[in-house]
1. Per-residue ellipticity at 222 nm for the chain, helices alone: DSSP H runs ≥ 4 residues times -39500 (n - 2.57), over residue total, nearest 500 deg cm²/dmol?
2. Among the aspartates and glutamates, select those whose C-alpha is under 15 Å from the C-alpha of Lys71, and discard any that sit fewer than 8 residues away in the same chain.
3. I want to check the label-to-label distance for Thr16 and Leu46. Put each point 7 Å from Cα in the C-beta direction and report it in nm to one decimal.
4. Calculate the length of the line joining the C-alpha centroid of the stretch 122-157 to that of the stretch 238-300, in whole Å.
5. From the Cα gyration tensor of the stretch 266-351, with a ≥ b ≥ c the square roots of its eigenvalues, which class applies: rounded if a/c is under 1.5, or else prolate if a/b is larger than b/c, or else oblate?
6. When a/c is below 1.5 the answer is rounded, else prolate if a/b is larger than b/c, else oblate, so apply that to the stretch 47-135 with a ≥ b ≥ c taken from the square roots of the Cα gyration tensor eigenvalues.
7. Looking at the stretch 27-61, which trypsin sites (Lys or Arg not before Pro) are in a loop (DSSP not H, G, I, E or B) and have at most 11 other Cβ atoms within 10 Å?
8. Beyond a 32 Å Cα-Cα separation, which of these cross-linked pairs lie in this structure: Lys20/Lys314; Lys42/Lys325; Lys20/Lys221; Lys42/Lys221?
Amino acid sequence: MQRLLPWLDGSRAADTPAMKLLLALLGGVGAALGGLQWLKAKRHELGICRAYRAPCPVISVGNLTVGGTGKTPMVLWIARRLQAAGHRVAVVSRGYRQESRARVTVVADPDGVRLAPPEAADEAVLIARSLPGVTVLTGADRPALIRHAVEALQCDRIVMDDGFHRLDVARDLDLVLVDARRPFGNGRLLPGGILREFPAALSRCDALILTRADDPISTGKSLERLGRLFPGQPLLTAIHAPTAWIPIHPPGPPLPLDALRGQAAYAFCGLAAPEGFQRTLAALPLALTGFHPFPDHHPFTSAELERLQKEAQKGGADCLVCTEKDAVKVHASPAIPLFALRVEMQVEQGRGWLEREMPSG
């Protein structure tokens, strides 16, 4: 599927009869699966299936597509503000590709981080390390995670990561992130596209947040399109803003972005949308000598890190750079310095609305 991604996300048009046929067949499968998801949503809407109602407010952060729209930075943005308001916050998520099979995996509690990859999911560990004191729980049973957070750990605010499709949990604020550059991919559902549900499903959320909204042309087109499809629904915009370099090997305190000015860097990442990281690096004051993308959530081995180091040194690089999500899975120490780029969400249009609607009081 990784090789098909340019056709699935709409960045490349089907240019051969074989590709057109393949996408049509996969799109047919996706339409059938989308129909099942629609029926599931309708059963909840009609009250045939009941959602678990937590005894405290729940904020859901989700998306309509597979791939990186910035859910983790958005979760951090929300949880940080709830924590600053004095709340005991829990972040609950699926724990994609973690080795733990416990019904409730405690990645972090108010006393500290308990687990690391591969036992815990990379994004969950990143959230835990970024927000000391915040509880982070993972597992397939979201109601069980929330009950544990409230009853065992006395949490009073829940942030549900990747929660839009989790219809078994009621939420007090339902936010959906949409990539401003390609909001619906090629318009087809998985496996023929990147959509997880029909776009009409967005009518059930409380607000749409267009992320990667740093290009005014694509952002303007997406705002116009979404405004036409979902009139009256709040439309917010946000950007992914790099804020600091985090020394990984050797470890150290955060450094300003210009700390690597004049350095030659070799980059690698395991992201669903690596081109976004590459664009971000291109705008920073450093010389990029090479870029090696891996599949999303890739677990880096010592042998792979050694190969990356050799590639970097062969090209004259002074250091290796990656994302913070990748850094939590790097357990070896390369011979040259390794830095992780810290990227934070900045809500621009609609920030006041979001801060008013967040159940932080």
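1. On the way: 10 runs with 113 residues, N = 361.
Rounded to the nearest 500, the figure is -9500 deg cm²/dmol.
2. Correct list for Lys71: Asp122, Glu123, Asp161, Asp162, Asp174, Asp179, Asp296, Glu324, Glu344.
3. 4.5
4. One Cα centre to the other: 28 Å.
5. Values: a/c = 2.14, a/b = 1.54, b/c = 1.39.
It comes out prolate by the Cα gyration axes.
6. Values: a/c = 1.31, a/b = 1.10, b/c = 1.19.
Taking the square roots of the gyration eigenvalues as a ≥ b ≥ c, the stretch 47-135 is rounded.
7. Details: sites: Lys40, Lys42, Arg43, Arg50, Arg53; in loops: Arg50, Arg53.
Loop-located and lightly packed - Arg50.
8. On the way: Lys20/Lys314 41 Å; Lys42/Lys325 36 Å; Lys20/Lys221 26 Å; Lys42/Lys221 30 Å.
Over 32 Å Cα-Cα: Lys20/Lys314; Lys42/Lys325.
Here, each number is a calculation from the coordinates, and none is a lab measurement. Because the structure is predicted, anything quoted here is derived from the model rather than measured. Heads up, the Cβs are rebuilt from the backbone with ideal geometry, glycines too, and the neighbour counts pull from every protein chain shown.
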